[in-house]
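Notes for the one structure printed next.
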Amino acid sequence: MDDILVQWDQSIDKAQHDRLKINYERRRFLHDSYKATAGLALLPSISLFTACDQTPHITQAQLAHDDPWKTFAAVQLILFPDDGNGPSAVDLNATAYLQFVLQAADSDKQDVAFILKGIDWLNQLSQSNTDKLFIYNNSQQQNSLIKQTSQSSSGERWISFLLLYIFEALLTDPVYGANPNGIGWAWLEHQAGFPHPPSHKIYTQLLKK
């Protein structure tokens, strides 16, 4: 395994690894539970069960030139590509959704720090292998770097978090800024619940009552 990835693993102690694992598995369990009961048609993503104040209004295009979001977008597109088999991460507005989640006031600060720091580690790995930041590599090089990243414990956990948020962007109600026009629901042939929540009755607003 690349020395950069070894250093990433060593930078996170066992207690933090265990906590990240627990947080991820809790979100995954809730996510799967709501998916199984069609609850995602009615509720926001699991990551939004904290008291965010407003819904995102930023699009992928608005983040195209801003780091770390343009690098997140490139990684997401590898994980959920535009391959003609359903919507891509770009179609789902997944990067803007991720930004909204990570910037939410009540998001777990250590999770946020871990996810953001992953871009730094990825760029270090990229520079070690290709002498370029990740974003400036071609698609073949980027895929190779993501595969390398997944071979470390920390890298695998980081990719798992990113995939989870892409799945949330695929399934959440469009009122939360992802899944525009229900594109994810249409692809999955999922019948969303009615009525959809108006902006003043989204889950985060109901939490305040």
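Can you check what the net charge comes to around residue 135, using other residues whose Cβ is under 14 Å from the Cβ of residue 135 (Lys, Arg +1; Asp, Glu -1)?
-2
Over all distinct Cα pairs, what is the inverse of the mean 1/r for region 87-196, reported as the Kirkwood hydrodynamic radius in Å?
That comes to 15.4 Å for region 87-196.
Step through the residues of region 172-188 one at a time and calculate ³J(HN,Hα) from phi using the Karplus curve (6.51 cos²θ - 1.76 cosθ + 1.60, θ = phi - 60°), rounding each to whole Hz and writing x for Gly and Pro.
Values per residue, Gly and Pro as x: 6, 5, x, 4, 8, x, 10, 6, x, 6, x, 4, x, 4, 4, 4, 7 Hz.
Tell me, what HN-Hα J-couplings in whole Hz come from the Karplus equation 6.51 cos²θ - 1.76 cosθ + 1.60 at θ = phi - 60° for each residue of region 97-104, using x for Gly and Pro?
Values per residue, Gly and Pro as x: 5, 4, 4, 4, 5, 5, 8, 5 Hz.
Read-outs throughout are calculated quantities, based only on the coordinates presented, and are distinct from any laboratory measurement. Everything numeric in this text was worked out from a predicted model, so none of it was measured. We place every Cβ from the backbone using ideal geometry, glycine too, and count neighbours over all the protein chains shown.
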